[in-house]
Amino acid sequence: MRIVTDCINLDPARGKVTRASVGRGLLLAGCSSLTIMLMLFCASSARADCSWSGGAGSWFDAGKWVQLGSEPCSGVPTSSDWVDINRPDADITISGAQAYDGSFHFRAGRVSIVNGGVLNSNSTYHLVGQGSDRQAELVVTGPGSAWNVGGEAWVGRIATGKIRLADGGLLNFIGGHTLVLGSTTTMQSPSHGVLVIGADSDLTPEAPALS
């Protein structure tokens, strides 16, 4: 897995983002990308099957998901459903069970993966934070908790996006793909992409010493 950002390049072993003995924690931030990243971006269709209706709740509550687009929502999303979360008041919890999506378009709000919960995102393209003035935070905390990504993950695309891993929470890239922190062009609003490993969100950003 390759992490690409305009402020640091890091190559973790075997596609797992983790760090031992980080002390106060590792915070990769300050990635307000104002340059064009030399990467191919294949925009996916605007269609989304399942959209979060807003507010707090469990991912596994079928009543919180509504159809968006031409394809019907399965209720609780499955590996064949595209997921769109675009409500600033969204506060979604995945606790102690396996959750699935066909493509994870998390544009705004907060998603917490806790108590050994796992989100399996099975497509080639996923988002954490997208759209002007949007803010999205994905928190993965506790032993056994993980976000398993089957493709690229873009954190902060013309928006503010954050992934926070704490207390053994994992970010696993299946197949060794790319994590992009902060992506925009000079013609768009600035982006801010953040990856926090084992640190409090209000700490001053510190880049790790690479050896």
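Each value in this text was obtained by applying a stated rule to the coordinates, not by laboratory testing. These numbers were taken from a predicted model, which means no experiment stands behind them. With ideal geometry, Cβ positions are generated from the backbone for all residues, glycine too; neighbour counts draw on all protein chains shown.
Based on what the data block shows, is His126 closer than 24 Å to Asn172 by Cβ and in contact with an Asp or Glu (Cβ under 6 Å, 6 or more places away or on another chain)? Taking the combined requirement at face value, the residue does not satisfy it. Taking only segment 103-123 into account, find how many residues are of a type in the set (A, V, I, L, M) and within 17 Å of Ile174 (Cβ to Cβ). Of the residues in that region, 3 qualify.
All conditions but one from (1) buried (at least 19 other Cβ atoms within 10 Å of the Cβ); (2) outside any strand (DSSP E or B); (3) out of contact with any Cys (no Cβ under 9 Å at 6 or more places or on another chain) apply to Pro77; the one that does not is (3).
Taken over segment 123-157, residues that are touching a Cys at 6+ places or on another chain (Cβ under 9 Å) and buried (at least 22 other Cβ atoms within 10 Å of the Cβ) amount to 2.
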